[in-house]
Amino acid sequence: MSEAANPQDDIFRQMPNNPPPENYTAGYFTGHRGAKIRYGLFRSERSPAIGTIVLMQGRNECIEKYFETIRDLNAMGLWVAAYDLRGQGGSDRLTKNARAGHVRRFSDYEKDLEIFLEHIVLPDARLPFFLVGHSTGALIALSAAPRLSNRISRMALNAPYVALSGQGVPEGLIRSVAGSMAWTGLGRIQLGKDMNRRAFEGNPLTSDAARFNRNMELAAAHPELTIGPPTARWLHETFRAMSRAAHQSHLTKITIPTLILAPVLDGIVPYRAQEELSRNFRAGQLVTVNGARHELFQDRDIYRAQLIAAIEAFMPGEDGRYGLSETAA
């Protein structure tokens, strides 16, 4: 299932202003329906390690974008296991058009996560296991969470993708159009604009110019890691997953203590939707980050430090600010 690679192999794209952590193994594993998925296992120099974080990225992201965050987590004594979602980053594309952000079924994402846990994380990483997810990655975690309680001890979900705003048209209209296209054989048509070369001014992702420019430089130097607009099928499948995963009947099945890290100025996932999610989520606790935008991992230090501090306080499961009960239901 796993094809391990030597750390010196050219698995990751390296840039002078974005070096990878020092101690890692990288390679590919075979995901659901044979998809080739790129992964990295990043080890902390601290011994003993306090556990392993499974890092779930958002749409149109890649492991390289999280090198800074991985180094921060390693410094805490946490190992990090990360992989590129199917259809993006260094993983297999799913259509002939490599720029299309596509997925056949949302459940394919969940099955990849379960394969990753079983064949990479469980044999090779350090217990206990935690999960940190951003946006689409957080939605995958929420959707799969009722089946993960025997493997994942705690979760921290930043800006979970449970609603959509900032697109210029109402979410309801996008849902309707994407659903109609998906059901009439037009699901592979892309909807929206390619935002890989957006300007910093007015962007909804981050208020940190240096991190924004670093990510834009990575995308420009290695466009093969990026994708363009989502397909109608991707939108249809994620909208269905949003409705299911954010429903109270689903949330009551999740027993993993969870932090919901909600940037108040999120221009992609409205804050009110994240607040509503927390109200229906008995195992979840809302942590509001005033002034932050959607990509909290990539935002200014004044906001990003709150995310890192929350993870550091919450993940070992010690008594303290975020010491939720392990029996929360």
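The values are calculated or read from the model by the stated rules, or taken from the named source; none is laboratory data. For clarity, every value in this text was computed on a predicted model and none was experimentally measured. When we count neighbours, we look across all protein chains shown, and the Cβ atoms used for this are built from the backbone with ideal geometry, even at glycine.
Within the stretch 256-266, the presence of at least one residue that is surrounded by fewer than 24 Cβ atoms within 10 Å (Cβ to Cβ), over 28 Å from E201 (Cβ atoms) and not β-branched (V, I, T) is confirmed. The residues of the stretch 133-165 that are part of a helix (DSSP H, G or I) and either under 19 Å from Q57 (Cβ atoms) or of a type in the set (D, E) (or both), listed by number, are T136, G137, A138, L139, I140, A141, L142, S143, A144, A145. Residues of the stretch 97-139 being of a type in the set (F, W, Y) and either out of contact with any helix residue (DSSP H, G or I) (no Cβ under 9 Å at 6 or more places or on another chain) or farther than 16 Å from Y66 by Cβ (or both), which ones? F106, Y109, F116, F129, listed by residue number. The set of residues in the stretch 5-36 that are exposed (fewer than 15 other Cβ atoms within 10 Å of the Cβ), at pLDDT below 90 and farther than 20 Å from N74 by Cα comprises D9, D10.
Within the stretch 267-292, residues that are within 20 Å of S165 (Cα to Cα) have Cβ atoms under 9 Å from residues that are aromatic (F, W, Y) and in a loop (DSSP other than H, G, I, E, B) in these pairs: I268/Y161; V269/Y161, counting only partners at least 6 apart in sequence or on another chain. Taking D92, is it surrounded by fewer than 21 Cβ atoms within 10 Å (Cβ to Cβ), farther than 21 Å from N215 by Cβ and at pLDDT below 95? The answer is no for D92.
Could you give me the residue pairs with C-beta distances under 7 Å whose first residue belongs to the stretch 18-42 and is in contact (Cβ under 8 Å) with a residue 24 or more places away in the chain and closer than 18 Å to L218 by Cβ, whose second residue is assigned to a loop (DSSP other than H, G, I, E, B) and of a type in the set (G, A, S) wherever it lies, and which are 6+ apart or on separate chains? Pairs found: R38/G89; R38/G90; R38/S91.
Checked against (1) among the hydroxyl-bearing types (S, T, Y); (2) modelled with pLDDT of 95 or more; (3) farther than 25 Å from E114 by Cβ, S47 passes all but a single condition, namely (2).
The set of residues in the stretch 46-57 that are out of contact with any Asp or Glu (no Cβ under 8 Å at 6 or more places or on another chain) and either without any contact (Cβ under 8 Å) to a residue 40 or more places away in the chain or not hydroxyl-bearing (S, T, Y) (or both) comprises R46, S47, P48, A49, I50, G51, I53, V54, L55, M56. If we scan the stretch 285-295, do we find a residue that is over 21 Å from P146 (Cα atoms), small (G, A, S) and in a loop (DSSP other than H, G, I, E, B)? The answer is yes; a qualifying residue exists. The residue of the stretch 60-80 that is modelled with the highest pLDDT, among those that are touching an Asp or Glu at 6+ places or on another chain (Cβ under 8 Å) and surrounded by fewer than 23 Cβ atoms within 10 Å (Cβ to Cβ), is N74.
When residues of the stretch 166-184 are filtered for being outside any helix (DSSP H, G or I) and either at pLDDT 95 or above or among the hydroxyl-bearing types (S, T, Y) (or both), how many remain? Before the answer, list the steps.
First pass over the stretch 166-184, keeping only residues outside any helix (DSSP H, G or I): 166-170, 184.
Still in the list and also either at pLDDT 95 or above or among the hydroxyl-bearing types (S, T, Y) (or both): 184.
Of the residues in the stretch 166-184, 1 are outside any helix (DSSP H, G or I) and either at pLDDT 95 or above or among the hydroxyl-bearing types (S, T, Y) (or both).
Matching residues to (1) over 22 Å from A313 (Cβ atoms); (2) crowded, with 18+ Cβ neighbours inside 10 Å; (3) of a type outside the set (V, I, T):
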site	(1), (2), (3)
E110	yes, yes, yes
A138	no, yes, yes
S153	no, yes, yes
P170	yes, no, yes
L186	yes, no, yes
G192	yes, no, yes
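For the stretch 87-116, a residue qualifies if it is farther than 14 Å from N60 by Cβ, touching a strand residue (DSSP E or B) at 6+ places or on another chain (Cβ under 7 Å) and in a loop (DSSP other than H, G, I, E, B), and exactly one does: D92.
Every listed requirement among (1) surrounded by 13 or more Cβ atoms within 10 Å (Cβ to Cβ); (2) at pLDDT 95 or above is met by N196 save one, (2). Name the helices (runs of 4 or more DSSP H) wholly within the stretch 209-280 that hold at least 1 residues that are under 17 Å from the mean Cα position of the chain (by Cα)? Helices (runs of 4 or more DSSP H) meeting the threshold: 209-221, 232-245, 271-279.
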